[in-house]
Amino acid sequence: MGPLTAVGRCYANTLNFSGRARRAEYWWFALFLFIAGTAIQFGLGVYFARDPAFALALSDPAMAQMWLTRGNDMLYVAAWAYAGYLLFAWLPQLSVTVRRLHDTNRSGWYILMPTLVTILSVFAAILLGPMLGGVEAALPLILMAATAPLLSMIWFLVVLCLPGTQGNNRFGPDPAPERPRNPPAHPAFARTLPDEVKTAVQARNRSEFQEYYRTRVAPAIQQNKTARQSAAPQ
């Protein structure tokens, strides 16, 4: 899947929170949003730089207060630009993230995990100090609570990078059925596979068994037979 196809599919499925999205669809769209957001910020920076009062406001707090409260039209431009970007980016990004989680056979509610972990970590950091008699006594636990959001974000990114489940899952058909898959290492897993994959697994295991018998079992049998013949009374 190329970038144009991925971006078009994400916008076509803006309100679709069911089904599955493959990795290429998700990450091409994430790259597109990053480039678009950077371009919008650069454009707003150039637009604001045209106002001489804005340059003074950057170096003088009093001028900054005046610039913010004078009803500057540039603020309305910036507000509408960011509102348009959020509408343009947030909802499609939300829906494709839910579908990407579905592709790994996980519920879309997992998207809330980093936010919930962050909220719980903040409350834990606030409450641990008074409970343990001061910030210094609770500092190790507070630091552990502070690392929890980072760990949850790393876990979430890893999940988004995982390949989708093979074949259909509880959220829908495989979005990339043409993707080659390696046969499972054990024939017990071949019961739910297509017939051609089952045949490949069985042939590989038959070949491995024959090789094991030829190199390990047959020599051991011959060695045992020779030892018994040598030990037999003449």
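The values are calculated or read from the model by the stated rules, or taken from the named source; none is laboratory data. In this text, all values refer to a predicted model and were calculated from it rather than measured experimentally. For neighbour counting, all protein chains shown are included, and Cβ atoms are generated from backbone atoms with ideal geometry for every residue, glycine included.
Take Ser207 and decide whether it is modelled with pLDDT of 85 or more and either at positive phi or among the small types (Gly, Ala, Ser) (or both).
yes
Exactly one condition in (1) surrounded by fewer than 11 Cβ atoms within 10 Å (Cβ to Cβ); (2) modelled with pLDDT of 80 or more is false for Ala79; which is it?
Going through (1) surrounded by fewer than 11 Cβ atoms within 10 Å (Cβ to Cβ); (2) modelled with pLDDT of 80 or more one by one, Ala79 breaks only (2).
Which residue pairs have Cβ atoms under 9 Å apart, sit 6 or more places apart or on different chains, and have a first residue in region 1-14 that is in the same structural domain as Leu31 (by TED's automatic domain parsing) and under 11 Å from Trp28 (Cα atoms) and a second that is among the hydroxyl-bearing types (Ser, Thr, Tyr) and surrounded by 14 or more Cβ atoms within 10 Å (Cβ to Cβ)?
Cβ pairs passing all conditions: Ala6/Tyr26; Cys10/Tyr26; Cys10/Ser95.
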